[in-house]
Amino acid sequence: MSKISAIDCRIGFIGAGKMASALAAGMLKAGVFEPDRVSATDVSADALKAFAELTGGQIWKSPTEVLQNSDVVIIAVKPQHLPHLLTDMQSGISDNLLVISIAAGVTLNTLEKGLNNTGRLIRVMPNTPCLVGAGASGYSLGTKATAEDASLLEKLLTTVGVVRRVEESLLDAVTGLSGSGPAYVYQFIEALSDGGVRMGLPRQTATELAAQTVLGAAKMVLETGQHPGVLKDAVTSPGGTTIAGLHALENGQFRGIVMNAVQQATERSRELADH
Ligand SMILES: NC(=O)c1ccc[n+]([C@@H]2O[C@H](COP(=O)([O-])OP(=O)(O)OC[C@H]3O[C@@H](n4cnc5c(N)ncnc54)[C@H](OP(=O)(O)O)[C@@H]3O)[C@@H](O)[C@H]2O)c1
């Protein structure tokens, strides 16, 4: 991932768990800011200790202290803890603060209301591969967030993967695709591995070959910029092995099933959301 020039702002995390640690570590590794610019608070002393050891950042006792000592605040607590936290934040919030929420399913409307329509808000839907620097995130701007805020957010999130701006109404589709998508791909890898074992390969070899094949194909799509169908045609010789395998996938309605998975997860996300 390319090196990004240092950003002169203080970033405070509320919630110092898995996602906060992954984001902070990715940003520090990319040189977006120095450790003295990152801080966090958490109700769990263990989570805070781990965060401080990982990042070298400052630790605060409360969300209010984070608000007082940050330019950008990243809310990284579980969605069920949001209502209580937003109430806690009301006394310290101001329009000088950029507040980024990564809490799944919590709408900008809920965040804005919870913070008395104060603060510049951005809602992000990240996914778990952020934990290994290969995330895929979607985001939407709140009413007061500026183009500069969007640009800053993209610089930050690019350190842990790919980020795309969408209308908030499409964040459920982002959830159905890239949010839930890693689980679909795990199943695909497991099935590829099972197929290899069925044909006599040892399990470990089959799983490693399967995972690397998915990684390699994904890199081909991203790095060549070619349509997946063009890349598929390029490896499909007449009467060969690949077209035989593809025929089996088509008979099983593979593509329709994957499309249905994205649709159903998107619809479920809409059902669960607080709007
Ligand atoms: N993990 C993912 O891949 C992923 C993907 C997409 C979106 N997200 C979103 O990212 C957010 C964080 O997820 P995570 O997996 O990083 O969760 P996590 O590891 O459980 O971290 C959240 C931390 O926040 C603490 N906390 C709870 N209430 C707090 C409060 N009022 N003030 C300060 N700290 C508080 C929790 O302490 P306790 O454990 O003691 O409650 C916990 O240590 C969630 O909203 C989730 O929807 C996560």
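Here, each number is a calculation from the coordinates, and none is a lab measurement. These numbers come from a predicted model, not from an experiment. We place every Cβ from the backbone using ideal geometry, glycine too, and count neighbours over all the protein chains shown.
See the values below:
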item	result
Cα pair distances exceeding 16 angstrom across segment 109-211, given as percent	66 percent
Only Lys, Arg (+1) and Asp, Glu (-1) charged, at Cβ; the chain dipole about Cα centre in debye	320 debye
Share antiparallel - DSSP beta bridges, segment 61-218, percent rounded to 5	25 percent
Sequence ranges 235-241, 257-263, ranked by mean other-Cβ count within 10 angstrom, highest first	257-263, 235-241
Share antiparallel - DSSP beta bridges, the chain, percent rounded to 5	15 percent
Using θ = phi - 60° and Karplus 6.51 cos²θ - 1.76 cosθ + 1.60, couplings along segment 131-140 (whole Hz; Gly, Pro as x)	5, 10, x, 10, x, 9, 10, x, 8, 9
Burial ordering of Asp233, Asp46, fewest other beta-carbon atoms within 10 Å first	Asp46, Asp233
For segment 5-81, with +1 on Lys and Arg beta carbons and -1 on Asp and Glu, the positive-most of Val32, Val43, Gly12 along the dipole	Val43
From phi via Karplus (6.51, -1.76, 1.60), per-residue ³J(HN,Hα) for segment 120-125 in Hz, x at Gly/Pro	8, 10, 9, 9, 10, 10
Pairs from Lys61/Lys219; Lys61/Lys144; Lys144/Lys219; Lys49/Lys219 whose Cα-Cα separation, in the structure shown, is over 31 Å	Lys61/Lys219; Lys144/Lys219; Lys49/Lys219
Amide H contacts under 5 Å for Asn127, placed H, 5+ residues apart	Ala136
Segment Leu222-Leu246, length gained on full extension (0.36 nm per residue, minus Cα span)	6.5 nm
Fluctuation leader among Glu65, Glu154, Glu53 - the chain, Gaussian network, Cα springs under 10 angstrom	Glu53
Amide H contacts of Val163 (H built 1.01 Å from N, under 5 Å, at least 5 apart or other chain)	Ser137
Pairwise centroid distance, computed over Cα atoms, of segment 94-122 with segment 185-199, Å	42 Å
From phi via Karplus (6.51, -1.76, 1.60), per-residue ³J(HN,Hα) for segment 12-24 in Hz, x at Gly/Pro	x, 9, 9, x, 10, x, 4, 5, 4, 5, 5, 5, 4
